[in-house]
Amino acid sequence: MEVYPHPALVELARADKRLPYKVKNVRRYWPELAPVDRQRLLLETWAQIVDLLDREIVGVQALLPAVEEADRGARLKAFEDMLDAVVCVWIGTTVLEGCATPYGDGESAIWIPEPDQVGRAVR
């Protein structure tokens, strides 16, 4: 099963566009802001994502490590990778429950949770 976190997060957040959650893109997301403000917005976005994921897979929030505004570089990237991993697990649960749609063809497809199925917590 192939999954992409970005489109799944759009469905999870019921957003109109991709969420600004990738560390390497903070300058592109908020070019007018100072680095400290960019990081603050990134951490706020992560907190929102974690809250949404916790509604889907109960206990996620308690298991993910805390991220501090003082954290930099590898620590931030490690958290982003963990977040992507949890999103992929969530997508997998929706596929197993029959609540995801494959996009592609008979040989290759990516799976995205169905918007009307978001909010069904796995315990």
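The values are calculated or read from the model by the stated rules, or taken from the named source; none is laboratory data. The structure presented is a predicted model; accordingly, all values stated were derived computationally and were not measured. Here the Cβ is made from the backbone with ideal geometry for all residues, glycine too, and neighbour counts use every protein chain on show.
I'd like to verify a number: residues in region 62-72 that are exposed (fewer than 14 other Cβ atoms within 10 Å of the Cβ) and either closer than 16 Å to ASP84 by Cα or in contact with a strand residue (DSSP E or B) (Cβ under 9 Å, 6 or more places away or on another chain) (or both), how many?
3
Looking only at residues that are hydroxyl-bearing (Ser, Thr, Tyr) and either closer than 30 Å to GLU97 by Cβ or touching a residue at least 24 places away in the same chain (Cβ under 8 Å) (or both) in region 1-39, which one is surrounded by the fewest Cβ atoms within 10 Å (Cβ to Cβ)? Give the steps one after another, and end with the answer.
First pass over region 1-39, keeping only residues hydroxyl-bearing (Ser, Thr, Tyr): 4, 21, 29.
After this cut, where a residue has to be either closer than 30 Å to GLU97 by Cβ or touching a residue at least 24 places away in the same chain (Cβ under 8 Å) (or both) as well, the list is 4, 21.
Working: TYR4: 15, TYR21: 22.
My answer is TYR4.
Given the conditions (1) touching a Pro at 6+ places or on another chain (Cβ under 8 Å); (2) closer than 14 Å to ASP84 by Cβ, report the number of the one that PRO5 does not fulfil.
(1)
Can you pull out the residues in region 10-29 that are modelled with pLDDT of 95 or more, under 19 Å from LEU53 (Cβ atoms) and either in a helix (DSSP H, G or I) or among the hydrophobic types (A, V, I, L, M, F, W, C) (or both)?
Within region 10-29, LEU19, VAL23 meet the criteria.
TYR103 versus (1) surrounded by 15 or more Cβ atoms within 10 Å (Cβ to Cβ); (2) assigned to a strand (DSSP E or B): which is the lone unmet condition?
(1)
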